[in-house]
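Colleague: Pasting a structure below so you can have a look.
Where a number appears in this text, it was derived from the coordinates with a stated rule and is not lab data. Note that the coordinates shown come from a computational prediction; the quantities given were computed from them, not determined experimentally. No Cβ is skipped: glycine too gets one built from the backbone with ideal geometry, and neighbour counts run over all protein chains shown.
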Amino acid sequence: MMTAALNAAEVSAKLPPRRQRNNTMAFKLHNTLTRQLAELRPGEPGHVRFYTCGPTVYNFAHIGNFRAYIFEDLLRRYLKFRGFRVTQVMNLTDVDDKTIRSSREQGLPLRQFTKKYIDAFFEDLAVLRVERAEHYPAATDHVPEMIALIQTLLDKGVGYKSDDGSIYFSIAKFPSYGKLAHLDMTGLRSGARVAQDEYEKESAADFALWKAWDEKDGAVVWDAPWGRGRPGWHIECSAMSMKYLGQSFDLHTGGVDNIFPHHEDEIAQSEAATGQPFVKYWMHCAHLVVDGKKMSKSLGNFFTLRDLLDKGYSGREIRYELLATHYRQSLNFTFTALDAARAALGRLDEFSDRLRTIAGVADPDHHLPAWAQQALDAFTAALDEDLNISAALAALFDMITAGNRAMNEKTLNAAGASTVLGLLKRFDSVLGFLQPEQQQADADALALLEQRQAARKAKNWPESDRIRDELKKRGWVIQDTAQGPKLKKM
Ligand code: AMP
Ligand code: ZN
């Protein structure tokens, strides 16, 4: 048995002191609504509430989808680094045209069918080191909220019932329809309707809030005051975002394909119902492309995360490739870039190992060497500018060059090396790829050990047992020692 002897207290190593930053610096983002850079000013100072459109769970997510989730993870982590409190909601679309069609093809009840892909999604997020959002509401758990919202739209005369019993949103009744996608509505065909969840800008028309049951829906059906059926895709996100974040919240994100119709329709439904501005800032990431074409299930040009893991790449390497291009630039997926990611991570690991060989006990009062402080300032300034990740990574690699020079010249002492290691830890709270795989696994295990301690303190024995079993599954046993609990590798 190998003893890892990691103590829960080691989890939070001392961070280097932060030089007071210039107060005029602020986080700026490109707002799709205005097509301009704007300083993020949350409605409640210091607390950013944001909604991210989650996966449609009818298949394994592909790495194009993960580009969007990793961009949102960078945003979330950077906001926290910047000192904001974050409340993030990511929905799970577990009822829509695609989930119903696929579950019927496989002859499975909808929930049983989607469970497999929901579980896989969370496993994949963990492999890619995507931090957990605060809430993951599933659409099928929120149908009463959707029905209430549709009822409000009917009461206000913005929703209407069609001959087949479906409910549509009348875009002519919402004068600012098209403001997010910047649509020219002059040629609007009044009264035209579109039943599908996905359609092109050219087909802008009244869209379905509720779809009356037909035999294609099988057993997927709910009762509403106006008849039996199921919600349309767009109303799901309006109902769930407002339930968890309020009628007006700060920020909403997704891939550019979500701008129209999905987000346009979310705005129309929500603002028509509440009379309040729905969302202040919208951010959209460009696509992951293969040979110039969007990676998508329908084109068949996709890789799932599992495909790439099978080829021998790690979650950490894939995360690096998906993160390293600015989110508003399209990212061409190649294996050459994955190999380059591996090489870049190797350089980072070498640097940390070298620092570790000379590092002494961390001294919280020790200042960062000037070259490291410069890197921290440049890293922050870059990400403040609409998450300019390329410049942030350039700052990191410049620091490695300067740090290696200092170590060659023996001008970095033990305390200095410790502060630089602490700084790397802070960078990693944003980047999430600096820890090697094994260290990451150990850090995850230590975080679980801490959670178990908290559960025990709260006398929550079932939770404490659950965590112990989870650790066992990952190959760790807990040993209670005089210095507190420790983990031992099985
Ligand atoms: P879906 O499961 O199709 O609703 O997509 C989930 C998320 O992935 C949405 O935010 C999409 O905009 C995003 N997405 C889908 N394909 C790509 C792609 N090739 N590149 C980047 N984001 C994508
Ligand atoms: Zn959505």
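Colleague: Expressed as a whole number of Å, what is the distance separating the alpha-carbon centroids of the range 205-260 and the range 318-355?
Modeller: That distance is 37 Å.
Colleague: Kindly write out, for the range 332-348 in residue order, the coupling ³J(HN,Hα) from the Karplus curve 6.51 cos²θ - 1.76 cosθ + 1.60 (θ = phi - 60°), rounded to whole Hz, with x marking Gly and Pro.
Modeller: With coefficients 6.51, -1.76 and 1.60, one gets 8, 7, 9, 6, 4, 5, 5, 5, 5, 4, 4, 5, 5, 5, x, 5, 5 Hz.
Colleague: Which value in Å does the Kirkwood hydrodynamic radius of the range 65-221 take, with 1/r averaged over all unlike C-alpha pairs and then inverted? Mind dumping the intermediate values first?
Modeller: Values: mean 1/r = 0.0540 Å⁻¹.
By the Kirkwood definition, the hydrodynamic radius is 18.5 Å.
Colleague: Let me ask something additional. Can you give the FRET efficiency for Ala181 and Asp141, using 1/(1 + (r/R0)^6), R0 = 30 Å, r = Cβ-Cβ distance, to the nearest 0.05?
Modeller: 0.50
Colleague: Using alpha carbons only, how many degrees (0 to 90, rounded to 10) separate the axis of helix 110-127 from the longest principal axis of the chain?
Modeller: 30
Colleague: If you take the charge dipole of the chain about its Cα centre, with +1 on Lys and Arg Cβ and -1 on Asp and Glu Cβ, which of Gly246, Ala454, Ser203 is farthest toward its positive end?
Modeller: Ala454
Colleague: Given a Förster distance of 30 angstrom, what is the FRET efficiency for Ala219 paired with Arg193, based on the Cβ-Cβ distance and rounded to 0.05? Working shown, then result.
Modeller: Values: r = 26 Å, r/R0 = 0.87.
Between Ala219 and Arg193 the formula returns 0.70.
Colleague: How would you order 277-285, 435-443 from highest to lowest mean count of nearby Cβ atoms within 10 Å?
Modeller: Working: 277-285: 21.4, 435-443: 15.3.
Sorting 277-285, 435-443 by mean packing, highest first, produces 277-285, 435-443.
Colleague: What is the antiparallel percent of DSSP beta bridges lying wholly in the range 8-299, to the nearest 5?
Modeller: Working: 19 of 39 bridges.
Given both bridge residues lie in the range 8-299, the antiparallel proportion sits at roughly 50 percent.
Colleague: Starting from 0.36 nm per residue, how many nanometres of slack lie between Ser298 and Lys116 once their C-alpha separation is accounted for?
Modeller: Numbers: separation 182, 0.36 × 182 = 65.52 nm, distance 2.06 nm.
Once the chain is fully extended between Ser298 and Lys116, it gains 63.5 nm.
Colleague: How large is ³J(HN,Hα), in whole Hz, for each residue of the range 400-412 in order, when computed from phi with the Karplus curve 6.51 cos²θ - 1.76 cosθ + 1.60 and θ = phi - 60°, using x for Gly and Pro?
Modeller: For the range 400-412, the Karplus-derived couplings read 5, 4, 5, x, 4, 4, 4, 6, 4, 8, 6, 9, 10 Hz, x marking Gly and Pro.
Colleague: With both bridge residues required to lie in the chain, what share of the DSSP beta bridges run antiparallel, to the nearest 5%?
Modeller: Values: 28 of 51 bridges.
Around 55 percent of the beta bridges assigned by DSSP in the chain are antiparallel ones.
Colleague: Quick one: divide the alpha-carbon radius of gyration of the range 8-299 by 2.2 N^0.38 Å and tell me what you get.
Modeller: Numbers: Rg = 19.9 Å, N = 292, 2.2 N^0.38 = 19.0 Å.
This ratio for the range 8-299 stands at 1.05.
Colleague: Next up: Output the relative contact order of the range 144-186, whole-number percent, from Cα pairs under 8 angstrom with separation of 6+ residues. Kindly include the intermediate steps, with their values, before the conclusion.
Modeller: Working: 23 pairs, mean separation 9.3, N = 43.
RCO, the range 144-186: 22 percent.
Colleague: Hand me the trypsin sites (Lys or Arg not before Pro) from the range 110-158 located in a DSSP loop with no more than 13 other Cβ atoms within 10 Å, in residue order please. Mind showing how you got there, number by number?
Modeller: Numbers: sites: Arg111, Lys115, Lys116, Arg129, Arg132, Lys156; in loops: Arg129, Arg132, Lys156.
Here the sparse-neighbourhood loop sites are Arg132, Lys156.
Colleague: Something else about it: Can you divide the C-alpha Rg of the range 443-489 by 2.2 N^0.38 Å and report the result to two decimal places? All intermediate terms of the calculation are to be shown ahead of the outcome.
Modeller: Numbers: Rg = 9.8 Å, N = 47, 2.2 N^0.38 = 9.5 Å.
With N residues counted in the range 443-489, Rg over 2.2 N^0.38 Å equals 1.03.
Colleague: Then there is this: Give me the orientation-averaged projected area of the Cα convex hull of the range 343-431, in nm², one decimal.
Modeller: Values: hull surface 21.8 nm².
About 5.5 nm², averaged over all directions.
Colleague: How many angstrom separate the Cα center of the range 149-165 from the Cα center of the range 74-97?
Modeller: One Cα centre to the other: 31 Å.
Colleague: About its Cα centre, how strong a charge dipole does the chain have in debye, to the nearest 20, once Lys and Arg get +1 and Asp and Glu get -1 at the Cβ?
Modeller: Details: 63 positive and 63 negative charges, 250 e Å.
So the dipole magnitude of the chain works out to roughly 1200 debye.
Colleague: Under the rule of -39500 (n - 2.57) per DSSP H run of 4 or more residues, summed and divided by the residues of the chain, what mean residue ellipticity at 222 nm is obtained, to the nearest 500 deg cm²/dmol? Could you put the intermediate results ahead of the total?
Modeller: On the way: 14 runs with 209 residues, N = 490.
Computed ellipticity for the chain at 222 nm equals -14000 deg cm²/dmol.
Colleague: Quick one: divide the alpha-carbon radius of gyration of the range 55-122 by 2.2 N^0.38 Å and tell me what you get. All intermediate terms of the calculation are to be shown ahead of the outcome.
Modeller: Details: Rg = 15.0 Å, N = 68, 2.2 N^0.38 = 10.9 Å.
That ratio works out to 1.37.
Colleague: From the phi of every residue in the range 475-490, what ³J(HN,Hα) in whole Hz does the Karplus formula 6.51 cos²θ - 1.76 cosθ + 1.60 yield, where θ is phi - 60° and glycine or proline is x?
Modeller: For the range 475-490, the Karplus curve yields x, 10, 10, 9, 10, 8, 10, 4, 8, x, x, 10, 9, 10, 6, 6 Hz.
Colleague: Continuing with this model, one more query. Check which residues have an amide H placed less than 5 Å from Ala224's amide H, if you skip close sequence neighbours.
Modeller: Gly229
Colleague: So which lysines can Lys297 reach, going by Cα to Cα under 27 Å and dropping same-chain residues fewer than 8 places off?
Modeller: Leaving aside lysines fewer than 8 places away in the same chain, those within reach of Lys297 are Lys98, Lys115, Lys116, Lys201, Lys211, Lys216, Lys311.
Colleague: Shifting gears a bit: At 0.36 nm per residue, and after removing the present C-alpha to C-alpha distance, how many nm does the segment from Asp291 to Phe335 gain when stretched out fully? Intermediate results must be reported in sequence, preceding the final value.
Modeller: Details: separation 44, 0.36 × 44 = 15.84 nm, distance 1.26 nm.
Stretched out fully, the Asp291 to Phe335 stretch lengthens by 14.6 nm.
Colleague: Assuming 0.36 nm per residue, please report the length gained on full extension of the stretch Ala443 to Asp363 beyond their Cα-Cα distance.
Modeller: Numbers: separation 80, 0.36 × 80 = 28.80 nm, distance 2.18 nm.
Stretched fully, the Ala443-Asp363 segment lengthens by 26.6 nm.
Colleague: Going highest first, how would you order 317-323, 341-347, 25-31, 54-60 by mean Cβ packing within 10 Å? Don't skip to the end; give the middle numbers.
Modeller: Values: 317-323: 24.4, 341-347: 15.3, 25-31: 17.0, 54-60: 22.9.
Order by mean packing, descending: 317-323, 54-60, 25-31, 341-347.
Colleague: Quick check on the chain: what does the Kirkwood estimate of hydrodynamic radius come out to from the alpha carbon pairs, in Å? Write out the running numbers ahead of the final one.
Modeller: On the way: mean 1/r = 0.0404 Å⁻¹.
Final number for the Kirkwood radius of the chain is 24.8 Å.
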